[in-house]
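The structure under discussion appears below in the form of structure tokens.
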Amino acid sequence: MTQGYYAGISGIQSHQYGLDVVSDNLANISTTGYKGSTTEFADLFSKVISSGKTPTSNDIGYGVKLQTTSFQFQQGDLMPSDRFNDLALEGSGWFGVISKNQDFYTRDGHFSFDTYQKVNGDANSSSARLVTADGMYVSGTMLSNFTYDAGAGAYVITTPADTAPLSKVASQGILEFPTLLTYPVEPSTNAQFFGNLGVTNETRMMSADVISTSSERNRLKLTFTQSAIQPSVGIAWDIAAAATSNDGSIVYDTKNAQAVFGLSGELISSTLTSINNDGTPVTIDLGANYSGIISNSGIDVGGSSRSNGTTGGTLTKYGINADGVILADFSNGRQSAIGRVAVYHFQNDQGLNREGGTNFAESSNSGKPLFWTDGAGNAITGAKVRSGMLEASNVRMDVGLTDMIILQRAYQANAKTITTVDEMIQKALQMRR
């Protein structure tokens, strides 16, 4: 009968462990990014009653043990937040965080900013590092497409980028957001004109905005008048081009040229090539054949223009898209990527070690962190990064309370086993008197 003691005691102990796990889950039901655990029990060992051949089992079990606790990595609900730096992962994967050169991994994307000066004594050189609530730095890839310009008193985008490819896993570092960032001036180098001059001998005018190297929005104006001497076939127009300040008070350059059109109004030739816009040459494109300017009586007279270039801009806000790319928006309407939040994966998530809070660490069972790749071998996040959202705990209260009832009943039953065996032993001892 003594094995009844062992079985009952092991049952009490094992179900106490189970209750501890459920209690911890319920205690963290409101913890952002928390992943619950579940208990798995196994038979302790058994003893064969008889070595004789029997058609059925002839062993007796000696109790139960807590074999393992496994993580529950199901997706938690995504809750909206009013901060773009709050991040949630929709799908599998982990954010990486760094503390004293040690890497951890978490699903808790409740991040904030830790600002510091990269150049001591220069407040304009400050950058904001993305950090967790306990001061760990969020890891990812930073581009080298911006630099600090002490003369301008701000960081300056050197090469605008649409996206930010992830570097190798071992090359990930701390994410930094420059607090003062500017978009450089892109002076106009090309202006295209479209429209119909008609065939009536009247003055026609078209204009385009062109950007100077000093970030001024200047005016390129074309004035068309019919030439005094016309070709035998088609029609010719004299062109007076002028590059001026926006209000016309400053004239930077003027050019005179001629355009000849065919019998059907198609542009045959033009001697107008370029003009100087406050130090920057701008190519003037009137098109060819019917692709730009025409002179035709069959359609309405009118014109339009298109030019490249942009004025300089200052940072208005940051954003993080679904691929984890960090995007800077500027006052001139332009946008540039400056980095990317890394999303890590493991061969065996169940092998991760829980390190307290919502942080996990790699182990020999989990394998090294890695990035998923697409068909071309490029690193991808493998999950959607949701800015302005947080992932709630995946613990379900109804499941936890049900498990608690089951564990409580099992604990009581095992305790009853011990008292029953004790009574039976007491009875057996009384029979020997």
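Laboratory data are not the source of any read-out in this text; all were calculated from the coordinates shown. Quick caveat, the model's predicted, so the values are computed rather than measured. Backbone-built Cβ (ideal geometry, glycine too); neighbour counts: all protein chains shown.
In this calculation the C-beta distance from residue 13 to residue 171 is compared with R0 = 56 Å, giving a FRET efficiency of 0.75.
Quick check: convex hull over the Cα atoms of the stretch 190-307, volume per residue in Å³, rounded to an integer? Walk me through the intermediate numbers first.
Values: hull volume 10.9 nm³, N = 118.
Looking at the stretch 190-307, the number lands at 92 Å³ per residue.
In this Cβ point-charge picture (+1 for Lys and Arg, -1 for Asp and Glu), the stretch 190-307 has a dipole of about 40 debye about its Cα centre. If the segment from residue 422 to residue 115 were pulled out straight at 0.36 nm per residue, it would be longer than the present Cα-Cα gap by 103.8 nm. The dipole here belongs to the stretch 131-253: it is taken about the Cα centre, uses +1 on the Cβ of Lys and Arg and -1 on the Cβ of Asp and Glu, and is about 220 debye.
Based on the Cα atoms of the chain, what semi-axes does the equivalent ellipsoid have, where each is the square root of 5 times one gyration tensor eigenvalue, given in whole Å with the largest first?
Values: eigenvalues 1236, 114, 54 Å².
In descending order the semi-axes read 79, 24, 16 Å.
Each Lys or Arg adds one and each Asp or Glu takes one away; over the other residues whose Cβ falls under 13 Å from the Cβ of residue 325, this sums to -1.
Between 160, 231, 369, the residue with the greatest mean-square fluctuation in the GNM of the chain (Cα pairs under 10 Å linked by springs) is 231. Distance between the C-alpha centres of the stretch 258-337 and the stretch 70-131: 41 Å, rounded to the whole angstrom.
Can you bin the stretch 315-433 into rounded, prolate or oblate? Criterion: square roots of the alpha carbon gyration tensor eigenvalues sorted a ≥ b ≥ c, rounded for a/c under 1.5, prolate for a/b above b/c, oblate for the rest. Present the calculation step by step, with values, prior to reporting the outcome.
On the way: a/c = 5.47, a/b = 3.06, b/c = 1.79.
Verdict is prolate for the stretch 315-433.
Would you mind computing, in nm to one decimal, how far apart the modelled labels at residue 365 and residue 405 are, each placed 7 Å from Cα along Cα→Cβ? About 3.2 nm separates the two model spin labels.
For residue 212, what is the net charge nearby, where nearby means another residue's Cβ is under 13 Å from its Cβ and Lys, Arg count +1, Asp, Glu -1?
Working: positive: 217, 219; negative: 186, 209, 216, 253, 278.
Surrounding charge for residue 212 is -3.
Taking label positions 7 Å along the Cα-Cβ direction at both residue 229 and residue 75, the computed distance is 7.6 nm, reported to one decimal.
The distance between label points at residue 256 and residue 23 comes to 9.8 nm (points 7 Å beyond Cα on the Cα→Cβ vector).
Report the far tail of the P(r) of the stretch 128-213, meaning the percent of Cα-Cα pairs longer than 22 Å. Let's see the in-between values first.
Numbers: 2019 of 3655 pairs.
The proportion of pairs with Cα distances above 22 Å equals 55 percent.
Backbone N atoms of the stretch 198-237 closer than 15 Å to the 7 Å Cα→Cβ label point of residue 245 belong to residues 212-220. In this structure, the residue pairs whose Cα-Cα separation is over 23 Å, taken from 118/317; 168/384; 100/168; 317/384; 118/168; 168/368, are 118/168. Amide H contacts of residue 390: 79, 81, each under 5 Å away and 5 or more positions distant or on a separate chain (H built 1.01 Å from N in the peptide plane; Pro and chain starts excluded). Name the residue farthest towards the positive end of the dipole of the chain from the options 178, 353, 294, assuming +1 on Cβ of Lys and Arg, -1 on Cβ of Asp and Glu, about the Cα centre. Among 178, 353, 294, the one farthest towards the positive end of the dipole of the chain is 353.
Just tell me which lysines come within less than 23 Å, Cα to Cα, of residue 416; anything on the same chain fewer than 8 places away is out. Leaving aside lysines fewer than 8 places away in the same chain, those within reach of residue 416 are 47, 65, 427. Every helix of 4 or more DSSP H residues in the chain counts as -39500 (n - 2.57), and over all residues that averages to -5000 deg cm²/dmol at 222 nm.
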